[in-house]
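Read the structure below first, then the notes.
Please treat every number below as a calculation from the coordinates, not as lab data. These numbers were taken from a predicted model, which means no experiment stands behind them. Ideal geometry is used to build each Cβ from the backbone, glycine not excepted, and the neighbour counts take in all protein chains shown.
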Amino acid sequence: MLKKLRQGLWNYHNVALIVLMPLLLLPLPLEAECAFVLLLMATYWMTEVIPLSMTAMLPAILFPLFGVMKSSAVAKEYFKDFHFLLIGVICLATSIEKWGLHRRIALRLVTLVGVNPAWLILGFMSGCAFISMWVQNISAVTMVMPIVEAVLQQIMKAKAECAGKDNPCLQLDGTCSYRHILNHTEDFYEWFSKTKIQRTKNQSNQSSCVHLKNIITSSSNTIFTFRIYPDCNSINFGNWLMLCLPISVIMLLLTWIWLYWLFIGSDFRFLCRRGGEHTEKEKAARKVIEDEYKSLGPMSSQEIFTGAVFLVMVALWLTRSPGFIPGWASLFPHQKGYITDATVSLLLGFLFFIVPAYGPSRKYESMISWKEFQASMPWKVALLVGGGFALAEGTKESGLSLWVAELLTPLGFLPVLATITIACIIVTTITEVASNAATITIFLPILSPLAEAIHVNPLYVLIPSTLCTSFSFLLPVSNPPNAVVFAYGHVSIMDMVKAGLGVNVIGLLSVLLAVATWGVPLFSLNTYPDWAPVLPEFNSTAP
């Protein structure tokens, strides 16, 4: 009886948490009403007792009730320039996925690197990292994993066929190893998928190793870029790419070496084998990839058009206002500041609903339909970002940001790099149990006043912290791509934890190196900007 009662009560633990958390948090000072909303949202986001996107709607409910902001003012925060940018990018991503351009790019990249298992893994990693720059991490992993699985199946099949044959690699002293190395290839393939298709998203991970990411395809990047400081024009597609591309390359190579050492061993002479020395497994792997690529046939007109729009969009983003030279936006001097990356994104995305997918011999059909776009549009991310905008505005209107800044002022006695490192470690830890978007939404209103309190360029603290939200590599629940790879059944949770810890360390060190070196001139991190508020206690010392 008691067991059934406990089971029945546990079935309603989510409801109990939803009801009790507001009551437990209520004994807060009146001046901390906004903090109440922040803590409540943080709890709901981390426990996911309510869908993330619905939790993001709490400011629209509670801010008017607490007198923090008017309902009409909160509503304006839920749709910004970012949402138009997202719409245009999703139009492009929908066309890429509909016509299979992403699959062609991935297979082509892999065929270029050969069938040596280590180089093949690097090829898959590079392909995933490149694709995840332009589509969401979960899209990248679900696209690449079937290809990886097909290669693994062929490798195992070839292994069975050649079982019992003499293996000149095997030595009496037990050292060898080529067969031993190949026996561990499956684990390594899966780990490549886990770490490279995620996120890094990222970002840098972004795919998973965080990186090779642009501002839009990582939700944490987009939330950061469009949230806290509306007058900040320091970040654009070009300088963000210049910051993150080197991070991505560093992380990709170091992660590749780390996973190779962890799952295969320290004999890196294996990487230098000649291209003509192929085993049955390598030949089988090459055949799978080549057959997959040949089955695609020549590029269709739809793929060519999508690829052309993709290149034009990237070129226009990079050259709109690069910073070090005048961009094409300067051709419109009377509309200075009117044109943003969203203008480019929306204009080119609009073309996909106009340009016919087929020639005049067939019934007119646009490149993508509204139904297809709607299915690809990440409305959850759109609402999360809107909730982040509203929460950030509420912290300013209520004075919470100034209050937090006063509490964090003692951290100003630490070296700046130490403060940044502490913030990054905390964010990296939290993002393992909370979504990337929820983590950055929780911490941005806290880290912004921290930077202002110690009189440091806020970007110096916010950029590395944002990138670190993509380092969720430890557990299947840390990120949807992790769960997808784990579902294939080739890796255990302990394998994930061991590999993920190393990738987290690599990512953290890479980000700190970036913001301390080439990130400084890109974003003028060594100066306190005009767009950041000067707190009262610093009025007499600010430059």
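Quick look at the numbers
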{"item": "Extension reserve of the V520-L347 stretch, reckoned as 0.36 nm per residue once the Cα distance is removed", "result": "59.0 nm"}
{"item": "Packing-based ranking, highest mean first, of 249-261, 351-363, 379-391, 440-452 given that Cβ atoms within 10 Å are counted", "result": "440-452, 379-391, 249-261, 351-363"}
{"item": "Length added when fully stretched, M494-W379, from 0.36 nm per residue minus Cα-Cα", "result": "38.0 nm"}
{"item": "For region 458-473, Karplus couplings with θ = phi - 60° (6.51, -1.76, 1.60), whole Hz, Gly/Pro x", "result": "x, 5, 4, 9, 6, 4, x, 5, 5, 4, 6, 5, 7, 8, 10, 10"}
{"item": "Given K76/K98; K98/K294; K336/K396; K76/K380; K287/K498; K294/K371, the pairs whose alpha carbons are separated by over 22 Å", "result": "K76/K98; K336/K396; K287/K498; K294/K371"}
{"item": "Cα-centred dipole magnitude for region 301-376, charges only on beta-carbon of K, R (+1) and D, E (-1), debye, nearest 20", "result": "140"}
{"item": "Sorted peptide list for 525-531, 344-350, 35-41, criterion being average Cβ within 10 angstrom, highest first", "result": "35-41, 344-350, 525-531"}
{"item": "For S366, residues with placed amide H under 5 Å, excluding near neighbours", "result": "A357"}
{"item": "Using a Förster distance of 30 Å, the FRET efficiency for E48-V505 (Cβ separation, nearest 0.05)", "result": "0.65"}
{"item": "Tensor-based shape of region 301-376 (alpha-carbon gyration tensor, a/c under 1.5 rounded, otherwise prolate or oblate)", "result": "prolate"}
